[in-house]
Structures are given as C-alpha cells and as structure tokens.
Amino acid sequence: MITKKTMNQAHPDFQSGEVILIDKPAFWSSFKVVHKVRQAIGVKKVGHAGTLDPFATGLLILCTGNKTKEITKYQDLKKTYTGVITLGKYSDSMDTETEINEYPIAEDLTEEKIINTAKNFIGEIEQIPPMYSAVKKAGKSLYAYARKGKTVEREPRKVTVYKFDVDKIQLPEIHFTIECSKGTYIRVIADDLGKALGTRAMLTSLRRISIGDYSVEDALQVNEFVEKFYLKLNIKTELLN
C-alpha cells in the first residue's frame, strides 16, 4: 500500500497491482484524480473505491492493475466524514454546487433540539438518491436529467448511520462527524435534518477522514504522488495542473 509513510520505501509494481491512499482536493472529481494517477504511472487499469463529490475533500482509495479486483472490499467498509451543515439554506444539489436559496430558521430553535433530532438519523434509514448524483435511471445518470432541469422518480435505498455526532453549533452552522455505510449521501442527511428542524439545510463542507481503518492522515496529496512516481518528466507540469 502506497501511503505518506511508505512512499519513500516503496518499489511499486503498478501494473501488477498497488493500493494508493490519496487526499482528494476540493473541486476535483474522483475521476480526475484517477486520470492524473493513471497518467503519472503509465497504467490504464486504475479505479477508485468510492466516489467523493467534487466539492468534498478527503480519503480516496485507488487500486491499480490486478488490485482493482479488490475495489469492492474497500467500498464495503464504513466511512467517516466531518463537515458543516448550514441551516436556512437550500440548493437543488444540496451542497454549494448549484444556486443557493434562503429559508427562515425558527427563532426558538435550541441546541438541544438540534442534537436530539440528529439522533433520529442513527441506525438503518431510507434515503432517496439526490438528482445530482451518478445513480442510473433508464441507462442515464441522474446528473444528466438534473442538468436539463428534469426530475425523475427514484427508489429509496436503505443505508446505515452508525454515528452522528454534533461536534459544535454556531447557528446557522452545525459541525458534525458521521460514520456510515457505503452508499450514504451526507447531502441527503443534511437536507432531511433541515426539514426535521422546520427549515431547510444544505451541506457546505465535507471531508472523508477514514474508510475502515484507513485514515486520510496517511494519504498523499495528488502532487506528492505525481512528483514521487511520475514516469515521464515532460508530462510532470501537465499532471500537476
């Protein structure tokens, strides 16, 4: 496994297969990270074990070569996120990627009510996938419909929230830590929490800090990985842009 701690001792065989921990930067798609790593190591077979939304940061596990057969193993692990839910705001994407609208917040909203309401989301819950997601409907991703202003019917999915800690409240912001199963949309939890509190809410910050026992603290920045492992000097500058 290629991590911040092992990269200087590593003699990787990316073609045969390696697992890489990357700290995804904000406003990069998960696919862009895969693309840059693929270019750097000169291996076509590279995949990630769990998408992060473009505005989110944090741990992305990449597998190369024959290790791509193990992607499901990593996808099935619990995920832990930190972030900020902002009350009184809403967007179609449930985050900062689309136009933001304002909603009133009840004047009598207390910290106790927020904490107790958050507890209702712990356990097995149902979520309707957001329109701004990669879920497929009739062979097309929901993103494709959403970008044309269309809404289509989606089936609810069961996910599990193992922990939902309210770390700090500075209204309208709620700082949180959530541990959950694969397939959980933190954006949907933010939206549903806002509705449960009598207003609307959206996700304004999100960072994945762990996948199973793997921590973002051990992950490489994309530029660190490229500088260490790129194969062709003349593509280095392009890879870092």
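Do we have D95 as of a type in the set (D, E, K, R), in the same structural domain as D165 (by TED's automatic domain parsing), in a loop (DSSP other than H, G, I, E, B) and modelled with pLDDT under 95 here? Spell out the reasoning first.
Numbers: of a type in the set (D, E, K, R): yes; in the same structural domain as D165 (by TED's automatic domain parsing): yes; in a loop (DSSP other than H, G, I, E, B): yes; modelled with pLDDT under 95: yes.
It is true that D95 is of a type in the set (D, E, K, R), in the same structural domain as D165 (by TED's automatic domain parsing), in a loop (DSSP other than H, G, I, E, B) and modelled with pLDDT under 95.
If I filter segment 213-232 for residues that are buried (at least 22 other Cβ atoms within 10 Å of the Cβ), farther than 14 Å from I20 by Cβ and out of contact with any His (no Cβ under 6 Å at 6 or more places or on another chain), do I get at least one hit?
Within segment 213-232 (the criterion being buried (at least 22 other Cβ atoms within 10 Å of the Cβ), farther than 14 Å from I20 by Cβ and out of contact with any His (no Cβ under 6 Å at 6 or more places or on another chain)), the answer is no, since none of the residues qualifies.
Check D95, D76 and return the single one that is buried (at least 19 other Cβ atoms within 10 Å of the Cβ) and among the charged types (D, E, K, R).
Values: D76 fails: buried (at least 19 other Cβ atoms within 10 Å of the Cβ).
Matching residue, one of D95, D76: D95.
Of the residues that sit in segment 1-25 and are touching a residue at least 12 places away in the same chain (Cβ under 8 Å) and aliphatic (A, V, I, L, M), which one is nearest to T57 (Cα to Cα)?
Restricting to residues being touching a residue at least 12 places away in the same chain (Cβ under 8 Å) and aliphatic (A, V, I, L, M), the top hit is I22.
Answer yes or no as to whether T68 is part of a helix (DSSP H, G or I) and more than 15 Å from the chain's Cα centre (by Cα). First the steps, then the outcome.
Numbers: part of a helix (DSSP H, G or I): yes; more than 15 Å from the chain's Cα centre (by Cα): yes.
Judged against the criteria, T68 is a match.
Working carefully through the options L77, L62, L52, L109, find the one that is over 23 Å from V159 (Cβ atoms), under 20 Å from the mean Cα position of the chain (by Cα) and not hydroxyl-bearing (S, T, Y). Step through it out loud before you land on a result.
Working: L77 fails: over 23 Å from V159 (Cβ atoms); L52 fails: over 23 Å from V159 (Cβ atoms); L109 fails: under 20 Å from the mean Cα position of the chain (by Cα).
Just a single option satisfies the conditions, and that option is L62.
What are the residue pairs meeting all of these: first residue in segment 66-89, first residue under 17 Å from I122 (Cβ atoms), second residue among the β-branched types (V, I, T) and in a strand (DSSP E or B), Cβ atoms under 6 Å, and 6 or more apart or on different chains?
Filtered contacts from segment 66-89: K79/I211; T80/I209; Y81/I178; T82/T177; T82/I209; I85/I174.
Looking at (1) farther than 28 Å from I61 by Cα; (2) buried (at least 19 other Cβ atoms within 10 Å of the Cβ), which is the one condition that is false for R208?
(1)
Hey, does segment 16-38 have a residue that's touching a helix residue (DSSP H, G or I) at 6+ places or on another chain (Cβ under 6 Å), farther than 17 Å from G65 by Cβ and not assigned by TED's automatic domain parsing to the domain that holds E70?
no
Can G42 be described as of a type in the set (G, A, S), in contact with a Leu (Cβ under 9 Å, 6 or more places away or on another chain) and under 14 Å from A219 (Cβ atoms)? Explain how you work it out, then say what you get.
On the way: of a type in the set (G, A, S): yes; in contact with a Leu (Cβ under 9 Å, 6 or more places away or on another chain): yes; under 14 Å from A219 (Cβ atoms): no.
Against the criterion (of a type in the set (G, A, S), in contact with a Leu (Cβ under 9 Å, 6 or more places away or on another chain) and under 14 Å from A219 (Cβ atoms)), G42 does not qualify.
Just checking, how many residues over segment 8-17 are closer than 15 Å to Y230 by Cα and either surrounded by 17 or more Cβ atoms within 10 Å (Cβ to Cβ) or polar (S, T, N, Q) (or both)? Write out each step before concluding.
Here is the first cut: in segment 8-17, the ones closer than 15 Å to Y230 by Cα are 8, 10-15.
Within this subset, residues satisfying the condition of being either surrounded by 17 or more Cβ atoms within 10 Å (Cβ to Cβ) or polar (S, T, N, Q) (or both) are 8, 12, 14-15.
Count: 4.
Restricting attention to segment 1-18, which residues are of a type in the set (S, T, N, Q) and within 17 Å of H48 (Cα to Cα)?
Quick first cut of segment 1-18, residues of a type in the set (S, T, N, Q) only: 3, 6, 8-9, 15-16.
If the condition is that a residue be of a type in the set (S, T, N, Q) and within 17 Å of H48 (Cα to Cα), then T3, Q15, S16 are the ones that fit.
Just one of (1) modelled with pLDDT under 95; (2) surrounded by 18 or more Cβ atoms within 10 Å (Cβ to Cβ); (3) more than 26 Å from T204 (Cβ to Cβ); (4) not β-branched (V, I, T) trips up C63, so point out which.
(1)
Examine segment 114-125 for a residue that is surrounded by 14 or more Cβ atoms within 10 Å (Cβ to Cβ), assigned by TED's automatic domain parsing to the domain that holds K182, part of a strand (DSSP E or B) and out of contact with any Phe, Trp or Tyr (no Cβ under 6 Å at 6 or more places or on another chain), and state whether such a residue exists.
Taking segment 114-125 first, the residues surrounded by 14 or more Cβ atoms within 10 Å (Cβ to Cβ) are 114-115, 117-118, 121-122, 125.
Next, from what is left, pick out any that are assigned by TED's automatic domain parsing to the domain that holds K182: 114-115, 117-118, 121-122, 125.
Applying the additional criterion that residues be part of a strand (DSSP E or B) yields 125.
Checking which are out of contact with any Phe, Trp or Tyr (no Cβ under 6 Å at 6 or more places or on another chain) leaves us with 125.
Scanning segment 114-125 turns up at least one residue that is surrounded by 14 or more Cβ atoms within 10 Å (Cβ to Cβ), assigned by TED's automatic domain parsing to the domain that holds K182, part of a strand (DSSP E or B) and out of contact with any Phe, Trp or Tyr (no Cβ under 6 Å at 6 or more places or on another chain).
Can you pull out the residues in segment 71-92 that are outside any loop (DSSP other than H, G, I, E, B) and among the hydrophobic types (A, V, I, L, M, F, W, C)?
Initial filter on segment 71-92 (outside any loop (DSSP other than H, G, I, E, B)): 71-75, 79-87, 89-90.
Within segment 71-92, I71, V84, I85, L87 qualify.
The values are calculated or read from the model by the stated rules, or taken from the named source; none is laboratory data. Since this is a predicted model, take the numbers as computed values, not measurements. Counting neighbours? That spans all protein chains shown, and the Cβs are built from the backbone with ideal geometry, glycine included.
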